[in-house]
């Protein structure tokens, strides 16, 4: 029992140190940018040693990736909370869209996910993170709507990528001071343009 308790205690301390590093790094990365933040500042803000930093993360970029992953997961959680399975497919898409725009208003989030993220980690790495979190939620919603025949059937991956890009562009514009209502109206029009009445049967594809 003592050994089990000691293992739990060590694991708790390890997880707490990692969480402290991520929290400190997030604050500095959003206040100063990734490029302007040094590891000495991060460990000082977290109250740990440089050795502790490199025990958990290979380098500053790896720590940044952990920050980005955590932020992306937080956005996806907000989307999923706002669009439970009890909603019909189209209403879930609308609720999830609103949740995304609201979640992206968290201080520093657009910078982390939409500006510094691609610049520091590369587009492929950011796409992989998106596909584990926000884009996964969006794709699931789109597929559900297509299966419910409330949305035109289209290639799910391409539709997710393009519609996700539109949402990201809206988040950046709103962050810069553009009208949230205007961008929301356009995004809702895009969803409505893809939607059809539940009773409307799919049109046959003409082959000639």
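None of 161, 170, 166, 144 is surrounded by 18 or more Cβ atoms within 10 Å (Cβ to Cβ), part of a helix (DSSP H, G or I) and within 18 Å of the chain's Cα centre (by Cα) except 170.
Name, by its number, the condition in (1) assigned by TED's automatic domain parsing to the domain that holds residue 166; (2) without any contact (Cβ under 8 Å) to a residue 24 or more places away in the chain that does not hold for residue 75. The failed condition is (2).
For the stretch 173-188, name all the residues that are more than 11 Å from residue 110 (Cβ to Cβ) and either within 17 Å of the chain's Cα centre (by Cα) or not in a loop (DSSP other than H, G, I, E, B) (or both). Steps first, please.
Taking the stretch 173-188 first, the residues more than 11 Å from residue 110 (Cβ to Cβ) are 177-188.
Matches in the stretch 173-188: 180, 181, 182, 183, 184, 185, 186, 187, 188.
In the condition set (1) assigned to a loop (DSSP other than H, G, I, E, B); (2) out of contact with any helix residue (DSSP H, G or I) (no Cβ under 7 Å at 6 or more places or on another chain); (3) touching a residue at least 12 places away in the same chain (Cβ under 8 Å), residue 37 is compliant with all but (2). Exactly one residue out of 153, 208, 111, 203 is closer than 19 Å to residue 92 by Cβ and either at pLDDT below 95 or assigned to a helix (DSSP H, G or I) (or both): that is 153.
Scanning the stretch 67-106 for residues that are in contact with a helix residue (DSSP H, G or I) (Cβ under 7 Å, 6 or more places away or on another chain), in a loop (DSSP other than H, G, I, E, B) and closer than 30 Å to residue 42 by Cβ turns up just one, 104. Mind checking whether some residue in the stretch 18-25 is part of a helix (DSSP H, G or I), in the same structural domain as residue 137 (by TED's automatic domain parsing) and under 23 Å from residue 132 (Cβ atoms)? The answer is no, given that none of the residues of the stretch 18-25 is part of a helix (DSSP H, G or I), in the same structural domain as residue 137 (by TED's automatic domain parsing) and under 23 Å from residue 132 (Cβ atoms).
A Cβ distance below 7 Å, combined with a sequence gap of six or more or placement on separate chains, defines the contacts here; from the stretch 1-17, residues that are under 21 Å from residue 43 (Cβ atoms) reach residues that are at pLDDT 55 or above in the pairs 17/48; 17/52; 17/56. The set of residues in the stretch 122-141 that are surrounded by fewer than 20 Cβ atoms within 10 Å (Cβ to Cβ) and out of contact with any helix residue (DSSP H, G or I) (no Cβ under 6 Å at 6 or more places or on another chain) comprises 122, 123, 124, 125, 127, 128, 131, 132, 136, 140. For residue 97, the conditions (1) outside the structural domain of residue 17 (by TED's automatic domain parsing); (2) farther than 21 Å from residue 185 by Cα are fulfilled apart from (2). Every test in (1) surrounded by 12 or more Cβ atoms within 10 Å (Cβ to Cβ); (2) under 25 Å from residue 190 (Cβ atoms) is passed by residue 18 save one, and that test is (2).
The values are calculated or read from the model by the stated rules, or taken from the named source; none is laboratory data. Note that the structure is predicted; figures quoted are calculated from it, not measured. All Cβ positions, glycine included, derive from the backbone under ideal geometry; neighbour counts span all protein chains shown.
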